[in-house]
Amino acid sequence: MLMFFQVCFIVGVGLTILSFVFGSLFDFLGVDGIDLGSLDISLPLSPMVYILGTTTFGGLGWILHIIFPNCPSFLVIVISLSVGIFTAGLFYKGIISPLHKAENTSAPDQEELIGVIAMVVEKIPENGFGEISYVVNGNTYIAPAKSTDNTPIEKQADVSICWIEEYVFYVSKLDKE
């Protein structure tokens with residue numbers, strides 16, 4: 001039984017380290033995931049929740065097995081499993097779920113930005129690029145901009161976002177009447 005707890009703990013720690021190393025490496029290289037085509041792998045929770053639960057289960061089982069060698073294996077499994085599930089649930093509710101909610105509400109989709117009124121914060125020269133500032137959902141964003149008709153647009157001018165292409169916002173000056 002001790003070997004089972006040790007394997008759970010070591011595999012959990014190993015997967016955590018691999019996740020950190022490869023996550024950092026892929027983030028540095030700009031890899032944002034792998035397209036698996038039509039293969040749909042759906043888990044009800046984040047893989048990190050499962051890894052944390054397995055690591056906690058294995059580690060606590062290992063500790064209990066060493067501290068209380070005469071304790072029945074069934075009781076050690078029940079205690080370790082309960083604490084592992086509780087820890088994983090706490091991790092999910094306290095960290096994963098709030099981060100997932102924040103991720104889903106952080107930046108608007110490009111389609112939502114068409115027609116939004118913005119202000120030029122850096123002059124847009126003729127046939128050149130400038131910078132605009134716009135507010136969506138109470139958050140202020142800055143973006144590179146270019147005039148739709150290649151005419152210059154002065155700083156502080158109000159513009160409307162017409163389309164976005166390769167992260168460049170094409171804008172047209174609003175007429176003040």
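The values are calculated or read from the model by the stated rules, or taken from the named source; none is laboratory data. None of the values given here were measured: they were computed from a predicted structure. Glycine also receives a Cβ, built like all others from the backbone with ideal geometry; neighbour counts cover every protein chain displayed. Heads up: the accessible areas ignore ligands, DNA and RNA and are worked out on the full protein's heavy atoms, side chains in. Shrake-Rupley method; radii C 1.70, N 1.55, O 1.52, S 1.80 Å.
Just to confirm a number: summing +1 for Lys and Arg and -1 for Asp and Glu over residues other than Val136 whose beta-carbon lies under 13 angstrom from that of Val136, what do you get?
Value of the local net charge: -3.
Hey, with R₀ at 25 Å, roughly what FRET efficiency would Phe4 and Met48 work out to, going by the Cβ-Cβ distance, to 0.05?
Efficiency at R0 = 25 Å is approximately 0.70.
Take every DSSP beta bridge whose two residues both sit in the chain, then give the antiparallel share in percent to the nearest 5.
Taking every DSSP beta bridge within the chain, about 90 percent pair in antiparallel fashion.
What is the sum of charges around Ile124, taking Lys and Arg as +1, Asp and Glu as -1, for the other residues whose C-beta is under 14 Å from the C-beta of Ile124?
Charge balance in the 14 Å sphere: -2.
For n ≥ 4 DSSP H runs only, could you compute -39500 (n - 2.57) per run for the chain, divide by its residues and tell me the 222 nm figure to the nearest 500?
So the helix-based figure for the chain works out to -15000 deg cm²/dmol.
Quick one: how many Å² of Ile142 are accessible to a 1.4 Å probe, rounded to 10?
100 Å²
For the chain, with all protein chains present and a 1.4 Å probe, just round the carbon and sulfur fraction of the accessible area to a whole percent.
Whole-percent figure for carbon plus sulfur exposure: 64.
Once ligands and nucleic acids are excluded and a 1.4 Å probe is used, how much of Val76 is accessible, expressed in Å² to the nearest 10?
Its heavy atoms expose roughly 10 Å² to the probe.
How many percent of DSSP beta bridges within the range 88-177 run antiparallel, rounded to 5?
Around 90 percent of the beta bridges assigned by DSSP in the range 88-177 are antiparallel ones.
At 1.4 Å probe radius, can you tell me the per residue accessible area of the range 112-177 in Å²?
About 62 Å² of surface per residue is accessible.
Compute the relative contact order of the chain as a whole-number percentage, counting only Cα pairs closer than 8 Å that sit 6 or more residues apart in sequence.
Here the relative contact order equals 15 percent.
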